[in-house]
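Heads up: the structure comes next, in structure tokens.
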Amino acid sequence: MSTVFLFKWTNPGDLNTEGVKPHFEQLGPYTFSDFKVKEDLEWNQPQVIYFGKRTWHFLPEKSNGSLEDVVIAPHFPTLTAASYSRRMRRILRKLASGSLTAIMTISAISHLGRGDLSQLGDLLLWNGENTTGFYPGECGKVNGSTGELWSPYRTWDQPTSIFLPDAARYLNLFPKENLTIDGIDVWRYESTNLTLDNGQLSPDTECFCLKNRECPRNGVLDYGPPAFNGPFYMSHPHFFLTDQMYRENTTGLQPEESEHGMYVIMEPTLGIPLSLRGQLMISTKVVRDEAIE
């Protein structure tokens, strides 16, 4: 199952009122059944090529709210169009309108582990390429698991990586503790302040900051490149594990480690996850422009 929480912007009329911070109220959860299917499989040892398909169905009995709920929030397509129009001359901004629509089909190639078990479950190609095309250097490489299976015989000090197709990048989770669940020895990996770093803490992730775009502070990622270069950003929910500036400039958000971090509990010998919680918050930057109606 997948759960979605929405944030209602309760005071949009005060956007330009000095001293008033945006206030948000969390709504949900809205719960959906989540069916994942790999279609058109082509077996080519040691690899398998497939098209990923996901289908969601709303589950009202497991939700706190309905699909008829009214939620006040920034309109993402309009903000993207406005972001593009700011590159135009002032008179052309008045004429710019409309929205962006796209359908994306993603193909992937994963390693089956034949001949090298250390690569079992690793994503090798995404849309036929070993790089995403959105970020330079190591940041643009297709890297990590799809979150369903990891390579076996892991070492304790080795982070585990998950590739997020929608974000066109990987995230690292770091070893936290050894546990025993139902008699099974497992390792727990968690997200840290390095998971969504932009180079402020680790030079290895500096390449996620693009020269032609404003780089956010630690804990917030620029989600614009794979999202039509719109003004969108990704973080832990409620700005958990982010630079304090983001929390100081909003009200209503309440970050908690027990609720808003990510983790995977894995049996390390076989690389099988027993439990996994992955969650991210998508935010947008709203800028008033008198030249855009």
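A short reminder: the numbers here are calculations on the coordinates, not readings from a lab. The structure presented is a predicted model; accordingly, all values stated were derived computationally and were not measured. Neighbour counts run over all protein chains shown; Cβ positions are idealised from the backbone, glycine included.
Some observations on this one:
- FRET efficiency estimate (nearest 0.05) - Cβ-Cβ, residue 25 to residue 125, R0 35 angstrom: 0.25
- On Cα atoms only, tilt of 76-85 relative to the major axis of the chain in degrees: 70
- Extension gain, residue 114 to residue 157, is 13.0 nm, computed as 0.36 nm per intervening residue step minus the present C-alpha separation.
- Under 5 Å, built H, 5+ apart or other chain: amide partners of residue 63: 31
- Prolate/oblate/rounded label for the range 140-191 (Cα gyration tensor, a/c 1.5): prolate
- Whole-angstrom gap from the range 21-83 to the range 230-293, using each part's C-alpha centre: 15
- Extension gain, residue 247 back to residue 35 (0.36 nm per residue minus Cα-Cα distance, nm): 72.8 nm
- Residues listed by number, the range 169-188, amide nitrogen under 19 Å from residue 274 label point at 7 Å toward C-beta: 174-188
- Förster-model FRET efficiency, 35 Å R0, residue 185 and residue 217, C-beta, rounded to 0.05: 0.35
- Options (i) 16.6; (ii) 17.8; (iii) 20.4 - which one matches mean projected area of the Cα convex hull in nm² as calculated here: (ii)
- As a length-normalised measure over Cα pairs under 8 Å and 6 or more apart, the relative contact order of the chain settles at 14 percent.
- Within the range 142-218, trypsin sites (Lys or Arg not before Pro) in DSSP loop having at most 13 other beta-carbon neighbours inside 10 Å: 211, 213, 217
- Entries in 36/141; 36/176; 8/211 that, when Cα-Cα distance is taken, lie over 31 Å: 8/211
- Note that the range 111-119 has calculated 3J(HN,Hα) couplings of 7, 8, x, 5, x, 7, 5, 5, 9 Hz, one per residue in order, obtained from phi through the Karplus relation 6.51 cos²θ - 1.76 cosθ + 1.60 (θ = phi - 60°); glycine and proline are x.
- The range 199-213 - phi-based ³J(HN,Hα) in whole Hz, Karplus 6.51/-1.76/1.60, Gly and Pro as x: x, 5, 10, 10, x, 5, 9, 5, 6, 6, 8, 8, 5, 8, 9
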